[in-house]
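Remarks on the structure that follows.
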Amino acid sequence: MSNADQIQTEITLKVSLGDRSYPIHIGENLIDRQELYQPYIHGKQVFVITNDVVAPLYLDKVLAALSNYETNAFILADGESHKTIETVNSIYTFLLEQRANRSATLIALGGGVVGDICGFAAASYQRGINFIQIPTTLLAQVDSSVGGKTGVNHKLGKNMIGAFYQPQAVLADTLTLNTLDDRQLSSGLAEIIKYGLIRDKPFAHWLDENISNILKREPIALAEAIKRSCENKAQVVAADELERGQRALLNLGHTFGHAIETALNYGSWLHGEAVAAGTYMAALFSNQLGWISSADLDYLENQLKLAKLPTRPPENISAEQFMQLMAVDKKVIDKKLRLVLLKSIGNAIVSDEFDQEKLIHMLETIERIPTNFAPIN
Ligand code: NAD
Ligand code: GLY
């Protein structure tokens, strides 16, 4: 690799949160570099939390880099359906059996599911111990590992139990993405596309030219997409860590998307797929309210399609079920639903200024696709 390529594919960003600031290292071959962990591990005990898909791929490399510490690993069952309080409890039991103390460090090695679970265990074990994020999916590298949202699902609602708790560092090793399947790569693109739509029109236009390169795993395009996504996320989190205001914009498509994931029992649609359909639904509703042009709606639909993502909800969720599931959304205030809606590409708002009947009409009339829509693999 030339020096120029090296510069473009390895970078460190910062999430600026005063004395809780932390770096996001993005690049190739990071997980085996001891010096990247060392500044963020304050005691002797290090526990890697991972799952049974990621462990055979990357656990040995991570443990080798941590050979100066007392290490052990806890391997979770894979999948969104295991993102539960019971799984967190199994981590507490493991940590207690290991006599983990307050200076212990947890390392989340995996996608967003492992990251969210491990982060919540770190936030709550003995009232909070250090943790490091090693995201190994595109979605986790561009979104979930950054910003400190941790937690688990409840059968009545997605991500309903959790805490804001920032990691000490994020190591996004882009080479880990080589083992990810194409459907998961597309799922990550849903969150990447989100940043362009809500606040970064130049990035949206860059994506027009580069979604196909990302799907081909072209290293420069991947690194640039991760960098620009993390820059956007770091800026929003630094300005509004606890989601009192603008951070809610990062939830474009998520109110509908979370309802889809909950209705489908967490598993048959990937998070990014549900968010993609939800993003189209939010945009369609914005268009029906007269806020976003039909040209912008078509543009956004085309971008999601380029990323090989679904743009319509599944057939078996009624408008009534959507309304019930969305009533527990975390943006609801005084029983009033607030949605992230679009004014134009690059400009989103959070609003409750809409007629509920119009929303129900959109939910009743929007085209549906089969629940088992043809995945791209
Ligand atoms: P995931 O964690 O389930 O990972 C997807 C699949 O890929 C899993 O089967 C996983 O084991 C496997 N995998 C992970 N890394 C791999 C690799 N390098 N090679 C091969 N397989 C690999 O799903 P995800 O899309 O990473 O994350 C989705 C979760 O993230 C959802 O629960 C969502 O709610 C959460 N999320 C959280 C935030 C946040 O701010 N905390 C933001 C967005 C999403
Ligand atoms: N993924 C939404 C957020 O971090 O706020």
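Here, each number is a calculation from the coordinates, and none is a lab measurement. Because the structure is a prediction, the values reported are computed rather than measured. Cβ sites come from the backbone with ideal geometry, for glycine too, and all protein chains shown count toward neighbours.
Data for the structure
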| quantity | calculated |
| --- | --- |
| Qualifying lysines (Cα of each under 26 Å from Cα of LYS331; at least 8 residues distant if same chain) | LYS83, LYS149, LYS155, LYS158, LYS194, LYS201, LYS233, LYS343, LYS358 |
| Kirkwood Rh in Å, taken over all unlike Cα pairs in the stretch 17-141 | 14.6 |
| Sorted largest first, extent of the stretch 226-377 alpha carbons per principal axis (Å) | 40, 38, 33 |
| Gaussian network model of the chain, springs between alpha carbon atoms under 10 Å - residue of LYS61, LYS335, LYS216 with greatest fluctuation | LYS335 |
| Tail weight of P(r) past 35 Å, computed on alpha-carbon pairs of the chain, percent | 21 |
| Relative contact order for the stretch 87-198, counting Cα pairs under 8 Å that sit 6 or more residues apart, in percent | 25 |
| Mean shadow area of the stretch 121-178 over all directions, Cα convex hull, nm² | 4.5 |
| The chain: angle of helix 356-365 to the longest principal axis, Cα-based, in degrees nearest 10 | 90 |
| Separation between Cα centres of the stretch 348-372 and the stretch 173-205, rounded to whole Å | 25 |
| Relative contact order computed over the stretch 78-137 (Cα-Cα under 8 Å; 6+ residues apart), in percent | 38 |
| Reference-scaled alpha-carbon Rg (2.2 N^0.38 Å with N residues) for the stretch 155-303 | 1.07 |
| Pair ARG183, ASN72: separation of 7 Å Cα→Cβ label points (nm) | 3.5 |
| Rounded to whole Hz, the Karplus (6.51, -1.76, 1.60) HN-Hα couplings of the stretch 50-59, x for glycine and proline | 8, 9, 7, 8, 7, 3, x, 7, 10, 4 |
| ³J(HN,Hα) computed for each position of the stretch 183-196 - Karplus, 6.51 cos²θ - 1.76 cosθ + 1.60, integer Hz, glycine/proline x | 5, 5, 5, 4, 4, x, 4, 4, 6, 5, 4, 3, 4, x |
| Shape category assigned to the stretch 237-299 from the gyration tensor of Cα positions, a/c cut at 1.5 | oblate |
| Kirkwood-type radius of the stretch 71-169, with distances r between different C-alpha atoms, in Å | 13.2 |
| Length-normalised contact order of the stretch 224-368 in % [C-alpha pairs under 8 Å, at least 6 apart] | 24 |
| Antiparallel bridges, percent of DSSP beta bridges restricted to the chain (to nearest 5) | 40 |
| The stretch 279-320 - Rg (one decimal) and Dmax (whole number), Cα, Å | 11.2, 31 |
| Fluctuation leader among SER67, SER212, SER268 - the chain, Gaussian network, Cα springs under 10 angstrom | SER67 |
| The chain: most fluctuating residue of SER145, SER351, SER186 per GNM, C-alpha cutoff 10 Å | SER351 |
| Distance between modelled label sites at GLU353 and GLN235, nm, 7 Å Cα→Cβ extension | 2.4 |
| Near-label residues of the stretch 204-246 by backbone N, under 20 Å of a point 7 Å along Cα→Cβ of LEU175 | 216-227 |
